[in-house]
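Data first, discussion second: the structure below is written as structure tokens.
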Amino acid sequence: MAPQFDRRGFLGATGVALAGLPFLGATPDRLAAAVPAGAADASWRGAVHAGYIGKMELKYEIFDLPTVHDFAIAREGARLRRDVWVRLRMPDGLEGWGEAAATPYYGETAESVVAELPRLADALNAAIGDDPFAMEKADKALEVALGRNPSARAAISMALHDLVGKRLGVPIWKMWGLTPAGATSSFTIGIDTPEIMRQKVKEAAAYKNLKVKVGTPRDEEVLKIVREGAPHAAIRVDANTGWTAKQAVAALPMLEEFGVELVEQPVPADDLDGLELVRSRSKIPIVADESCKVATDVAHLVGKVDGVNIKLSKCASLREALKIVHVARAHGMSLMLGCMVESSLGIAAAMQLAPLVDWVDLDGAALLAKDPFMGPGIGPDGSLRFNTEPGLGVKRA
Ligand code: MG
């Protein structure tokens with residue numbers, strides 16, 4: 001079953017009929033009631049109060065993420081996504097920011113994220129009070145109180161790190177003892193008509209690494225278009241669980257012929273034996289994405305894949321991402337760093353981890369028609385641009 005999340009379908013699927021309102025699902029009256037008194041300054045217009053953590057105030061806004069092209073993968077296609085911008089504000093005005101890149105595949109929507117925020121604020125209030133430095137405690141408390149809800153928790157983890165970095169006056173990567181360097185990011189060419197795909201490849205001419213979504217009956221045609229349009233680019237493919245193990249093994253000679261550099265998630269997420277089979281037949285590295293959400297998943301993938309793909313919206317926090325790095329490295333595995341279609345705010349948080357991985361795939365904000373944030377991320381050729389500003393180094397665009 002491949003749900004189609006166009007705008008109407010997406011709104012219908014989330015039970016929302018009020019398209020055009022900044023906070024879908026709320027009536028204007030409820031919005032007015034939700035905006036606290038004293039929030040009249042322009043920078044806070046539209047923010048909704050979700051609770052207090054000690055004296056820190058938690059606020060959120062849902063924002064649209066229109067993409068330049070339809071973004072189709074083996075599972076779904078979408079042109080419009082909506083994410084949640086969360087802000088933690090200390091009494092002295094210092095703010096930490098985070099983005100929840102809610103993904104239906106992982107059980108979340110922007111609405112489910114904001115519905116959880118008051119509960120999240122209560123749990124954090126009980127666990128850490130006024131201490132944003134108590135991040136391990138915060139992670140544990142949110143896991144217990146919220147269960148998975150990974151992008152909601154990730155947004156809070158980003159905001160706490162942003163606050164701590166700003167308080168200390170250092171970027172997060174520097175706080176972790178890293179140096180600002182890493183592999184060039186890939187750029188995704190979404191599945192589309194041949195004409196549009198040729199156009200997309202042309203637009204992406206500056207990128208040295210292209211990522212192609214496979215797992216549809218058009219795989220060979222799609223790879224041919226990309227290889228012809230970009231004869232010298234490295235090509236990575238991502239099946240997003242779209243093949244059976246047998247289909248994936250059958251596709252390997254073709255992938256080798258097109259010089260594919262790595263294969264991401266060839267088979268369904270729970271088919272670990274399938275991953276092992278594909279890897280045993282493949283000269284191309286196999287990377288688990290949907291099969292690897294958190295650090296404990298890595299243990300089950302040892303010997304079955306060459307590497308794992310870390311995404312904050314799956315693993316639920318920057319600290320959990322670091323744990324994945326350590327568990328995977330302890331087993332001699334390679335690491336990829338990925339993202340959803342998300343703004344430069346979420347990308348900025350992932351960028352802090354980029355010096356630790358082998359393959360970077362942080363094109364989420366580069367696929368947007370309009371990005372509400374500015375910060376570290378990838379340049380027009382996929383090169384990595386780190387922040388020198390403290391915390392995540394993100395501003396409003
Ligand atoms: Mg993937």
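What follows draws every value from the coordinates through simple rules; no lab data is involved. As the structure is a prediction and not an experimental result, all values here were calculated from the model. Every residue, glycine as well, gets a Cβ built from its backbone with ideal geometry; the counts of neighbours run over all protein chains shown.
Computed quantities for the displayed model
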| item | result |
| --- | --- |
| Residues listed by number, region 269-296, amide nitrogen under 16 Å from Lys246 label point at 7 Å toward C-beta | 274-275, 277-278 |
| Value of relative contact order over the chain, rounded to a whole percent, pairs C-alpha under 8 Å and six or more apart | 16 percent |
| Cα gyration tensor, region 174-396 - rounded (a/c under 1.5), prolate or oblate | oblate |
| Of Ala366, Ala138, Ala206, the one that fluctuates the most in a GNM where the chain has Cα springs shorter than 10 Å | Ala206 |
| Per-residue Cβ neighbour rank within 10 angstrom, fewest leading, Lys208, Lys311 | Lys208, Lys311 |
| Residue-averaged [θ]222 nm for the chain, counting only DSSP H segments that reach four residues, each worth -39500 (n - 2.57) | -10500 deg cm²/dmol |
| Residues Thr388, Thr188, Thr244, sorted so that the one with the fewest Cβ neighbours within 10 Å comes first | Thr388, Thr244, Thr188 |
| For the chain, built as a Gaussian network whose Cα springs stay under 10 Å, the top-fluctuating residue of Ile53, Ile286, Ile128 | Ile128 |
| Region 158-312 - percent relative contact order, Cα under 8 Å, separation 6 or more | 15 percent |
| For Lys213, Lys137, order by how many other beta-carbon atoms lie within 10 Å, fewest first | Lys137, Lys213 |
| Of Arg236, Arg148, Arg281, the one that fluctuates the most in a GNM where the chain has Cα springs shorter than 10 Å | Arg281 |
| Positive-end extreme of charge dipole, the chain - chosen from Ala102, Leu146, Phe386 (charges on Cβ) | Phe386 |
